[in-house]
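Notes follow the structure.
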Amino acid sequence: MFLYRWKIERVEGYQQSNGLQEVLGIVGWELEVRDTEDNSVHYLRSVTNLPEPDSESFVDYLELSEEVILEWVWSVVGRSDMEDLVSQQLEDMRNPPEDKLTTFGMPWLGSCCPDGEGMPEGMPGVPGGNLG
């Protein structure tokens with residue numbers, strides 16, 4: 001089971017926009033995800049572009065709260081959609097589906113050969129090796 005905590009990290013805006021003063025345009029946020037099974041903590045950080053407000057729904061900058069701004073972010077990114085996505089990504093990291101494309105390491109960057117004995121002499125790219 002996962003527990004979620006959303007936090008606003010930064011806001012950016014415009015001094016004036018469509019006759020309104022101090023209008024938010026971009027919100028930087030963090031989603032903390034705690035796994036209650038293994039007690040691990042994971043973070044997703046992102047930014048969301050807010051739609052331009054109309055004069056009827058506008059909230060004065062000095063009256064804004066983190067809760068209000070989070071509601072605006074969730075209206076764009078979808079709170080439950082984002083939490084479901086992050087949960088699924090964590091599950092997939094722990095138990096990768098067999099039919100999902102997975103990133104592998106590059107075997108030539110390994111420190112030893114498949115037999116665990118190290119690079120044999122005479123191989124290209126190894127000191128004392130031949131190029132060809």
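Bear in mind that the values in this text are calculations on the coordinates, not laboratory data. Everything numeric in this text was worked out from a predicted model, so none of it was measured. Reconstructed Cβ throughout: ideal geometry from the backbone, glycine too, with neighbour counts over all protein chains shown.
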If I take the Cα coordinates of the stretch 2-94 and project them onto the principal axes, what are the three extents in Å, biggest first? 50, 19, 17
Mind checking which of Q21, V41, V59 is farthest towards the positive end of the stretch 2-94's charge dipole, using Cβ charges of +1 (Lys, Arg) and -1 (Asp, Glu) about the Cα centre? V41
Could you order the peptides 22-35, 46-59, 81-94 from most to least packed, using the average number of other C-beta atoms within 10 Å per residue? 22-35, 81-94, 46-59
